[in-house]
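Encoded as structure tokens, the structure appears first; notes follow it.
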Amino acid sequence: MIRLMPKRLAGQLILLLLTTLVLSQLFTLIFSLSETDSMLKRVEDNRILRKSALVANALTQIPVENHQAIVNLLTTFRIQYHLDDKPRIPTHLLNNGQDNKVELLKETLIRSYDKIYVHQYPAPEHRIIFIFKNIFGHFFSFASNKKQTELRPLLLSTSIMLEQGHWLNMTVYGRVSFPSWAFLALTSLLVMSLVATLIVVFSIKRITRPLKELTSKALLLGVGEEVEPIKERGPEDIKDTISAFNTMQLRLKNIITHRTRSLAAMSHDLRTPLTSMRLHAEFIHDPETQDRIVEKIDEMEHITKATISFAKQDSWSEKRRQVDISALVDSLCQDLSDIGLSVEFELTDRMSYSCRPNALRRAFSNLIENGVKYGHAVLVKILEEEETLNIIISDQGPGIEDSQQKRIFEPFERLEESRNNQSGGLGLGMTIALTIIRGHGGDITLHNRANQGLDVMVILPKQ
């Protein structure tokens, strides 16, 4: 049931409005159809029975040639009078034990008649039940190509034999299963629903249009794109949301700009004392001490450059463009293979993808080099799913314990003590790779294979 619910705000609002409209109209219709039948009450207290006697009394005082005209004049939709040559009550119901009603009818008549019959039928089913039975009857008759006869429940029948052998028959009918006004109500409900749907669709589409723009701009901002402020329009709630987004975007831009300038100044400020330290080291006469100090200065410069490069994230300034990601990974694997790394790529078809190619190449390079360093050999393949591109980098190493997998993406965290006895860089490669991939809206997951090795899966969303 939940799967059938619309996922969009516009669809849910339309469904809510139409459901409310339909249910309110149906409840009103059911309430009206469930109203107590006043005719049935008049039959039960014998008022209609006395009316039959009054008509018979009236006919006795009118010439016979005018009887039919009088009967036609008194006939209504639910109380019908007929002059026939026999009673209309079925033969098996003529002696049905309703003598008390016959006696009551005789008491009301001003003349004595030889034959008088009365039959009061059982109270009909509740109207709603009768309607549903009628609807199902129409359905089955339509399925079987048989026309269903419209039947109305009978409430009361009387037959009085007048002079010259004529019978005055009165038949009282129950209410029709589905009155004409109910059809009009359903027709108006359908028209109202269609009109309301058109109005609501147009209005909600117009109201939610800024939300669509907000969503697209937020997605672009989330992957590092520079976006223009959104024009504030729509209801006050949506305007407030857009205003908050524009303010957040401006603050983020100011923070990034301030951080970049601060890091540039820091880089310049650090370069001066390091250069001075290197010059002073030249005056140290002990060669061994001099070499150690110069080595430490080089290490400090290397750490400083790596830290500032990671913090600045120059990849965010790169513009996105369409590239063949299969060709990008293939060329990277060939370049790494040419410099002696054991890297293989499983060729796939062309896959166009919008990305920052230099940044993505850097992320894949870090992941593949890390796999070769600790896993000896790497196989890279690309799997295309319905909504994602999965780049799998499989090595032949010992893998990483599940409890340690999160640490590998932390800055300056190295797990070489668990994977290799040799030192392995500054511990920023995996962090930079994860930052770049998440900057494209993706993620990186690690999976240990049952036999041996680690699968690093890069998940990139399709645009």
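The values are calculated or read from the model by the stated rules, or taken from the named source; none is laboratory data. Here the structure is a predicted model, which means the values were calculated and not measured. We place every Cβ from the backbone using ideal geometry, glycine too, and count neighbours over all the protein chains shown.
Residue by residue through the stretch 80-94, note down the ones that are touching a residue at least 12 places away in the same chain (Cβ under 8 Å), outside any strand (DSSP E or B) and within 21 Å of residue 120 (Cα to Cα). Steps first, answer last, please.
First, the residues of the stretch 80-94 that are touching a residue at least 12 places away in the same chain (Cβ under 8 Å): 80-89, 93-94.
Of the ones still in play, those that are also outside any strand (DSSP E or B) are 85-89, 93-94.
Passing the criteria: 86, 87, 88, 89, 93, 94.
Determine whether residue 119 is out of contact with any helix residue (DSSP H, G or I) (no Cβ under 7 Å at 6 or more places or on another chain) and either at pLDDT below 85 or not in a loop (DSSP other than H, G, I, E, B) (or both). Spelling it out, it is not the case that residue 119 is out of contact with any helix residue (DSSP H, G or I) (no Cβ under 7 Å at 6 or more places or on another chain) and either at pLDDT below 85 or not in a loop (DSSP other than H, G, I, E, B) (or both). Residue count for the stretch 45-79 under the criterion of being surrounded by 11 or more Cβ atoms within 10 Å (Cβ to Cβ) and in a loop (DSSP other than H, G, I, E, B): the result is 4.
Across the stretch 434-463, the qualifying residues are those that are in contact with a helix residue (DSSP H, G or I) (Cβ under 8 Å, 6 or more places away or on another chain) and assigned to a loop (DSSP other than H, G, I, E, B), and the one among them that is surrounded by the most Cβ atoms within 10 Å (Cβ to Cβ) is 440.
Only one of the numbered conditions (1) small (Gly, Ala, Ser); (2) in a loop (DSSP other than H, G, I, E, B); (3) modelled with pLDDT of 90 or more is not met by residue 326, and that is (2).
Going by the conditions given, is residue 327 out of contact with any His (no Cβ under 8 Å at 6 or more places or on another chain) and either within 16 Å of residue 442 (Cβ to Cβ) or not assigned by TED's automatic domain parsing to the domain that holds residue 454 (or both)? The answer is no for residue 327.
Annotation note: Cβ proximity below 9 Å between a residue of the stretch 220-246 that is at positive phi and modelled with pLDDT under 80 and a residue that is of a type in the set (Lys, Arg) and not in a loop (DSSP other than H, G, I, E, B) (sequence gap 6+ or interchain) occurs for 234/206; 234/209. Checked against (1) at pLDDT 85 or above; (2) within 20 Å of residue 440 (Cα to Cα); (3) buried (at least 16 other Cβ atoms within 10 Å of the Cβ), residue 352 passes all but condition (3).
To keep it simple, each residue is scored yes or no on (1) farther than 23 Å from residue 370 by Cα; (2) surrounded by 12 or more Cβ atoms within 10 Å (Cβ to Cβ); (3) in contact with a strand residue (DSSP E or B) (Cβ under 7 Å, 6 or more places away or on another chain); (4) at pLDDT below 80.
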{"site": "263", "(1), (2), (3), (4)": "yes, yes, no, yes"}
{"site": "267", "(1), (2), (3), (4)": "yes, yes, no, yes"}
{"site": "289", "(1), (2), (3), (4)": "yes, no, no, no"}
{"site": "300", "(1), (2), (3), (4)": "no, yes, no, yes"}
{"site": "338", "(1), (2), (3), (4)": "no, no, no, no"}
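Across the stretch 5-42, the number of residues qualifying as exposed (fewer than 12 other Cβ atoms within 10 Å of the Cβ), modelled with pLDDT of 80 or more and over 19 Å from residue 204 (Cα atoms) comes to 3.
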